Amino acid sequence: MLTEKIKIKPFKFKKKNKNILKFITELLRKKSELISSLGIGYKDQYNFQKIVSKHNKQNVRIFGVGGSSLGAKAIYLFLKKKIKKKFFFIDNLGENFSFKKNENFLDLVISKSGNTLETIVNLNLYNKTKNKKIFITEDRASYLNTLAKKLKSEIIHHNNFIGGRFSVLSETGMFPAELMGFKSSKFRELDNLIKNKKILNSLVTNVSAILNYSKKNYNSVIINYDQNAIGLFEWYQQLVAESLGKKNKGILPIISNMPKDNHSVMQYYLDGKKNNFYTFFFSKNSSTNKIKNSNLLMKSHSYLKGLSLNKIIEKQFDATEKVFLNKKLPFRSFIISKRDEMTLGQLFCYFILETILLGRALGVDPFNQPAVELIKTETKKNFYKK
């Protein structure tokens with residue numbers, strides 16, 4: 001058991017790396033800005049009520065890409081049933097959003113550097129002068145900082161010491177979460193996690209196992225049985241790939257959405273090359289639709305009578321776990337018993353700690369992204385070519 005709301009079955013891996021526990025102790029002792037943002041002592045650099053007192057009921061458009069958007073999107077999708085407002089994530093170029101001419105939004109523009117090309121382009125394409133704009137960006141000279149001052153918009157300072165993909169529990173993710181109606185304090189679960197010895201043991205086991213698989217060039221496949229967790233794993237995918245993919249090392253996270261993928265790539269997972277390790281994910285939900293017995297016209301499928309959609313998916317999840325176990329494929333499982341802010345906060349904290357520890361063990365800096373900067377530099381050159 002990870003917590004009361006999350007059950008974890010770690011990898012069946014016995015060769016624990018003795019250095020991991022030492023790394024955890026050092027990481028927590030240093031109390032960096034990033035680690036502080038995961039706990040209850042972190043102070044947000046904004047006054048929520050003061051900023052949005054007149055706009056709190058409006059639907060919201062979030063302009064951002066990568067770490068500036070994925071955390072907020074993960075929160076929105078995972079907890080969508082509790083959110084009354086509509087949120088639109090304008091997080092890529094070429095997507096076609098059709099907004100009504102007379103519909104006004106609260107526009108939230110997020111970019112750590114303040115110079116993110118895609119965010120600047122999308123803001124231009126979808127700009128409406130009537131929309132109130134709030135900017136989250138670093139306190140330094142940049143396009144968006146200058147624009148915000150020109151528009152006399154509210155500016156929330158992005159923490160300079162927290163990279164975008166790690167910023168979900170700082171201002172970048174928590175201000176959008178408060179717009180959704182949640183309290184940031186309920187997400188910051190690090191203090192509760194580190195009190196639990198089982199959590200530390202699971203971290204040691206999982207990091208040791210993943211480190212071993214990465215040295216064998218295994219990919220990381222997420223076997224996701226929760227459609228509301230797709231955003232969480234898109235966030236996780238960036239976190240792991242961008243943090244660890246350096247010096248010819250790293251882990252490639254692949255998201256496989258179930259049970260749909262049982263009818264496509266599952267054949268490869270079970271009988272193809274043995275070059276993957278797996279993370280199973282399932283959330284229990286008692287409020288899903290139930291099978292209508294009157295619509296079951298064939299007796300051959302009477303076993304479906306009265307079952308909820310979630311129960312059917314759970315049976316598929318259990319069956320897939322059993323097959324993987326019989327085939328001796330390496331996997332761990334996360335089973336969610338309650339979908340709320342604290343559960344999601346615990347998952348954010350757990351995966352962030354795990355990724356930082358893996359970076360330390362692999363001998364790479366998890367906080368930079370030098371190769372991504374190469375693309376940005378080369379793209380900028382193209383705009384000045386004659």
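The values are calculated or read from the model by the stated rules, or taken from the named source; none is laboratory data. Computed from a prediction, not measured in an experiment: that's the story for all the values here. As a convention, Cβ positions derive from the backbone with ideal geometry for all residues, glycine included, and neighbour counts pool all protein chains shown.
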Point to revise | Pairs where the first residue, in segment 211-231, is in a loop (DSSP other than H, G, I, E, B) and the second is of a type in the set (G, A, S), C-beta under 6 Å, 6+ apart | key: D226/S283
Study note, to complete from the structure: Exception for L108 within (1) assigned to a loop (DSSP other than H, G, I, E, B); (2) modelled with pLDDT of 95 or more falls at (1)
Exercise for review: List the helices (runs of 4 or more DSSP H) that sit entirely inside segment 19-85 and contain at least 3 residues that are in contact (Cβ under 8 Å) with a residue 60 or more places away in the chain and of a type in the set (A, V, I, L, M).
Suggested key: 19-30, 70-78
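For segment 231-251: of the residues being hydrophobic (A, V, I, L, M, F, W, C) and in contact with a Phe, Trp or Tyr (Cβ under 9 Å, 6 or more places away or on another chain), which is surrounded by the fewest Cβ atoms within 10 Å (Cβ to Cβ)?
I251
Do we find that S214 is buried (at least 20 other Cβ atoms within 10 Å of the Cβ), touching a strand residue (DSSP E or B) at 6+ places or on another chain (Cβ under 6 Å) and farther than 19 Å from K82 by Cα in this structure?
no
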Exercise for review: Kindly indicate the residue of segment 301-359 that is closer than 28 Å to K273 by Cβ and acidic (D, E) and also surrounded by the fewest Cβ atoms within 10 Å (Cβ to Cβ) among those meeting that condition.
Suggested key: D318
Point to revise | Pairs where the first residue, in segment 356-369, is at positive phi and the second is part of a loop (DSSP other than H, G, I, E, B) and of a type outside the set (A, V, I, L, M, F, W, C), C-beta under 8 Å, 6+ apart | key: G363/K247; G363/K249
Check your understanding: Can you name every residue in segment 14-33 that is over 14 Å from E354 (Cβ atoms) and either acidic (D, E) or crowded, with 20+ Cβ neighbours inside 10 Å (or both)?
Key -> E26, E33
Review point. Scanning for something at pLDDT 90 or above, assigned to a strand (DSSP E or B) and either of a type in the set (S, T, N, Q) or out of contact with any helix residue (DSSP H, G or I) (no Cβ under 7 Å at 6 or more places or on another chain) (or both), does segment 280-296 turn up at least one residue?
Key: yes
Exercise for review: Would you check which residues across segment 148-190 are acidic (D, E) and more than 18 Å from I83 (Cα to Cα) and list them?
Suggested key: E154, E171, E189
Review point. What number of residues within segment 164-180 are outside any helix (DSSP H, G or I) and crowded, with 21+ Cβ neighbours inside 10 Å?
Key: 4
Check your understanding: Before we move on, is G345 in contact (Cβ under 8 Å) with a residue 24 or more places away in the chain, part of a helix (DSSP H, G or I), within 22 Å of the chain's Cα centre (by Cα) and over 25 Å from E178 (Cβ atoms)?
Key -> no
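For V60, are the conditions met, namely being in the same structural domain as T137 (by TED's automatic domain parsing), out of contact with any Lys or Arg (no Cβ under 7 Å at 6 or more places or on another chain) and not small (G, A, S)? Can you show your working first?
Values: in the same structural domain as T137 (by TED's automatic domain parsing): yes; out of contact with any Lys or Arg (no Cβ under 7 Å at 6 or more places or on another chain): no; not small (G, A, S): yes.
In short, no.
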Point to revise | Out of F11, F87, sole residue that is under 18 Å from E178 (Cβ atoms), touching a strand residue (DSSP E or B) at 6+ places or on another chain (Cβ under 6 Å) and aromatic (F, W, Y) | key: F87
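Condition test on Y143, is it over 22 Å from the mean Cα position of the chain (by Cα), farther than 30 Å from F277 by Cβ, aromatic (F, W, Y) and surrounded by fewer than 23 Cβ atoms within 10 Å (Cβ to Cβ)?
When the stated conditions are applied, Y143 passes them.
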Study note, to complete from the structure: By residue number, the members of segment 182-221 that are among the hydroxyl-bearing types (S, T, Y) and closer than 17 Å to C349 by Cα are S184, S185, S202, T205
